[in-house]
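Structure record follows, encoded as structure tokens.
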Amino acid sequence: MKPLFILVFVFCSSYSISQNNTLPFNEDNPSPKATLDAVSWVSGHWRGEAFGGIIEEIWSPPLGNSMMFSFKLVVKDKVIFYELGGITEKDGTLLLQLKHFAPDFKGWEEKEESEVFELVKIEGNRVYFDNFTFEKINEKEINLYVVVENKGTPEEVKFNYKRQ
């Protein structure tokens with residue numbers, strides 16, 4: 001089992017989670033056409049609380065057909081893990097990819113692997129990737145919804161962020 005899922009299992013047990021804000025990618029339905037304009041509103045420095053600590057994401061504006069991001073979880077003044085990744089324009093649509101790192105920056109995924117989330121749809125103030133949704137509340141607040149497995153059961157986790 002991947003270390004991320006072990007970490008998420010431990011922290012998710014105290015959260016009330018339902019699966020209403022994410023959609024799975026269906027191989028029979030290709031990703032819709034899209035550009036980074038659809039997600040450019042996520043650019044900026046965001047902070048919130050989750051898993052008993054502080055979560056922070058920093059997203060760059062679109063440049064070179066991509067937006068990059070960094071994420072970290074800090075609990076009791078200690079970094080628990082990092083994520084690095086981005087959204088890229090590829091084949092006329094969007095693709096979200098990320099890699100996880102321990103506090104000492106040792107990667108969790110194999111060297112040539114990353115987590116990949118295909119675009120499912122864009123609707124109103126939401127951008128749906130495979131079990132990973134971005135929701136714009138307003139210019140200063142966003143939600144991210146992510147499906148994780150908890151004891152073999154998929155569950156949706158909500159991350160609420162405020163712009164810094």
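The values are calculated or read from the model by the stated rules, or taken from the named source; none is laboratory data. These numbers were taken from a predicted model, which means no experiment stands behind them. As a convention, Cβ positions derive from the backbone with ideal geometry for all residues, glycine included, and neighbour counts pool all protein chains shown.
Scanning the range 57-67 for residues that are in a strand (DSSP E or B), buried (at least 16 other Cβ atoms within 10 Å of the Cβ) and not small (Gly, Ala, Ser) returns Glu57, Trp59, Met67. Kindly indicate whether any position in the range 44-51 is at pLDDT 95 or above, farther than 27 Å from Lys151 by Cβ, part of a loop (DSSP other than H, G, I, E, B) and not aromatic (Phe, Trp, Tyr). Within the range 44-51, none of the residues are at pLDDT 95 or above, farther than 27 Å from Lys151 by Cβ, part of a loop (DSSP other than H, G, I, E, B) and not aromatic (Phe, Trp, Tyr).
Matching residues to (1) over 23 Å from Asp28 (Cβ atoms); (2) in contact with a strand residue (DSSP E or B) (Cβ under 9 Å, 6 or more places away or on another chain); (3) outside any strand (DSSP E or B):
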site	(1), (2), (3)
Phe105	yes, yes, yes
Glu113	yes, yes, yes
Pro154	no, yes, no
Tyr161	yes, yes, no
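Among the residues making up the range 25-64, those that are more than 18 Å from Phe132 (Cα to Cα) and aliphatic (A, V, I, L, M) are Ile54, Leu63. Considering only residues in the range 77-103 that are not in a strand (DSSP E or B) and not aliphatic (A, V, I, L, M), the one that is nearest to the chain's Cα centre (by Cα) turns out to be Pro103. Is it the case, given these coordinates, that Ile80 is modelled with pLDDT of 95 or more and closer than 25 Å to Asn29 by Cβ? Taking the combined requirement at face value, the residue does not satisfy it. So, in the range 99-108, of the ones that are surrounded by fewer than 18 Cβ atoms within 10 Å (Cβ to Cβ) and without any contact (Cβ under 8 Å) to a residue 24 or more places away in the chain, which residue ends up nearest to Ser66 (Cα to Cα)? Among residues in the range 99-108 that are surrounded by fewer than 18 Cβ atoms within 10 Å (Cβ to Cβ) and without any contact (Cβ under 8 Å) to a residue 24 or more places away in the chain, the one nearest to Ser66 (Cα to Cα) is Lys99. Taken over the range 31-51, the criterion of being surrounded by 13 or more Cβ atoms within 10 Å (Cβ to Cβ) and either free of Cβ contacts under 8 Å to residues at least 60 places away in the same chain or of a type in the set (Val, Ile, Thr) (or both) is satisfied by Thr35, Leu36, Val39, Ser40, Val42, Ser43, Phe51.
The set of residues from the range 124-164 being in contact with a helix residue (DSSP H, G or I) (Cβ under 8 Å, 6 or more places away or on another chain), at pLDDT below 95 and not β-branched (Val, Ile, Thr) comprises Glu149, Asn150, Lys151, Glu155.
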